[in-house]
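One structure is given here, and the rest of the page talks about it.
The numbers here are math on the coordinates, done by the rules we state, and not lab data. Here the structure is a predicted model, which means the values were calculated and not measured. Neighbour counts run over all protein chains shown; Cβ positions are idealised from the backbone, glycine included.
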Amino acid sequence: DDAGVIEVNVSVSVNGGADWAPSTATFRFVPTMHAVISPDFGPQAGGTPLEVFIPNRYSKDTAASAPRVDACCFGFPAPVLTPAEVLPDGRLRCATPAWPTAPAEAPVGVVEPDGRCQPLPRATYYYVEEWRL
């Protein structure tokens, strides 16, 4: 996916910027993918409906042909997968899996079409012990 990627030609100076020469090299600026999850905490027993929003993952022109995400993944390096539902506005909904301990932190990601779990920057789900009133 090249949405938002900008590629520029690289020029080289060997005299502190007084003179510049073109080169055959290019540099690619790749936008950082930020995700928002809601809620970001829940019980150790799992089952909490979690919504995942990845803004600007695909441009309007490429969204129709974007690879479909079928699962969310929790924890690394051996992630736990849960099925994902794609909502009409592009958000994903999946249920959190049960977790062996609480309190605990689980990085959240999405499963790419090739089966890899792609972690989402700044997307951490916090497992908490059940509240008793």
With +1 on the Cβ of every Lys and Arg and -1 on the Cβ of every Asp and Glu, the dipole magnitude of region 33-128 about its Cα centre, in debye rounded to the nearest 20, is 80
Dimensionless Rg/Rh of region 33-128, both radii on Cα and Rh by Kirkwood, sits at 0.96
